[in-house]
1. Between GLU26 and ARG260, what is the spin-label point distance in nm, taking each point 7 Å from the Cα along the Cα→C-beta axis?
2. Report for the chain the percent antiparallel among DSSP-assigned beta bridges with both residues inside it, nearest 5.
3. With charges set only on the Cβ (+1 for Lys and Arg, -1 for Asp and Glu), what does the dipole of region 139-248 come to about its Cα centre, in debye to the nearest 20?
4. Would you compute, from DSSP H runs of 4+ residues alone, the mean residue ellipticity of the chain at 222 nm, taking -39500 (n - 2.57) per run and dividing by the full residue count, rounded to the nearest 500?
5. Reachable lysines from LYS314, Cα under 24 Å, same-chain residues fewer than 8 places away excluded?
6. Quick one: length gained pulling THR227 to GLU294 fully straight, 0.36 nm per residue minus the C-alpha distance?
7. Expected output is a single nm value to one decimal: the length gained when fully extending between LYS202 and VAL132, i.e. 0.36 nm times separation in residues minus the C-alpha distance. What is it?
8. Tell me, what is the per residue accessible area of region 235-328 in Å², probe radius 1.4 Å?
Amino acid sequence: MNYRMLGRTGLYVSELCFGAMTFGGEGMFKVVGNQGQAEADALVGRCLDAGINFFDTANVYSNGQSEQMLGKALGERRKDVVLATKVRGRMGPGPNDVGLTRGHILDSVHASLKRLGTDYIDLYQIHGFDPVTPLDETLRALDDLVRQGKVRYLGASNLAAWQLMKALGISEHRGLSRFESLQAYYSIAGRDLERELVPLMKDQQVGLMVWSPLAGGFLSGKFRRDTQGPEGARRTSFDFPPVDRERAWPIIDVMDGIARAHATSVARVALAWLLHQAHVTTIIIGARTAEQLEDNLQAPTLKLTAEQLAALDKASELPPEYPGWMVTRQSQNRAPESK
């Protein structure tokens with residue numbers, strides 16, 4: 001297992017991070033997975049043995065069951081890992097049981113600590129933007145948690161570029177702990193964050209945690225133009241995240257050829273492509289079966305050639321969009337002439 005630094009922190013995390021969304025299977029998360037404690041123990045144990053030191057969950061996953069099960073599965077080895085969870089989602093029926101207010105953050109972190117069976121959270125992430133709570137209030141509350149030692153680092157998820165940059169600016173101006181990572185959807189079939197977020201993260205030294213690297217199973221190799229996929233596959237009942245299938249089919253064609261050349265799976269090619277992107281810190285993998293996990297764990301060993309990477313990049317490249325094409329044109333015109 002290889003390890004990469006999380007943003008500018010000096011904290012090293014495994015390039016594969018295990019996501020525990022499949023633990024519990026309560027409510028809307030039942031379609032993602034419904035593993036019990038014994039299955040969770042086995043999956044977490046295998047990840048630890050493989051060198052994974054990064055585990056991610058959220059309080060909303062199965063109404064807290066995911067946090068509780070992950071905490072139990074880690075047990076005494078919790079001290080050896082970087083543990084991440086999230087706050088924002090609704091955790092009760094009341095009007096203040098949701099969002100990024102000081103009250104909801106403080107209530108949520110105490111509940112998460114109890115469920116996880118730990119006295120600190122390594123990476124505490126906001127699970128999205130809260131349009132009704134001032135960012136100052138959210139960031140001050142999070143900074144208090146860092147100062148109290150309940151949280152060590154802060155992260156964000158599912159933010160637009162302007163929202164992330166505004167938060168970073170406030171933190172710098174107020175002398176508050178800042179977001180050191182962004183957890184975002186990214187796949188070879190969904191490269192949208194390359195337009196604004198990737199340049200921002202490079203400039204501000206913010207780490208990138210990739211969620212749904214297989215586009216909700218669409219890049220698993222089970223889906224082709226002439227088939228709807230196997231019965232029981234997640235995508236057949238939970239079509240998320242959105243994928244432009246007409247753009248995706250040619251990408252899968254190229255991936256399929258590369259997979260055959262390496263005698264490996266399409267899923268592993270999709271993960272390997274992400275690991276070849278310099279702006280990626282870690283990929284969050286989740287598994288409904290031990291077989292899926294074993295295949296994902298082998299992705300770091302798959303080294304794609306320059307020609308294969310070029311073919312994948314060309315098949316999946318984003319269509320030009322303003323102001324990107326103007327920025328590129330002006331950058332080229334600004335370059336000094338060679339003598």
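1. 4.7
2. 15
3. Numbers: 17 positive and 13 negative charges, 41 e Å.
Charge dipole of region 139-248: 200 debye, to the nearest 20.
4. Details: 12 runs with 136 residues, N = 339.
Only helices count here, giving -12500 deg cm²/dmol.
5. Straight-line reach from LYS314, under 24 Å: LYS202, LYS222, LYS303.
6. Working: separation 67, 0.36 × 67 = 24.12 nm, distance 2.51 nm.
Roughly 21.6 nm would be gained on extension.
7. Working it through step by step, the gained length comes to 22.3 nm.
8. Here the per-residue accessible area is 49 Å².
The values are calculated or read from the model by the stated rules, or taken from the named source; none is laboratory data. Every value quoted in this text rests on a predicted model; they were computed, and no experiment measured them. Virtual Cβ from ideal backbone geometry, glycine too; neighbours counted across all protein chains shown. Remember, those area values only see protein heavy atoms, side chains included, never the ligands or the DNA or RNA. Shrake-Rupley method; radii C 1.70, N 1.55, O 1.52, S 1.80 Å.
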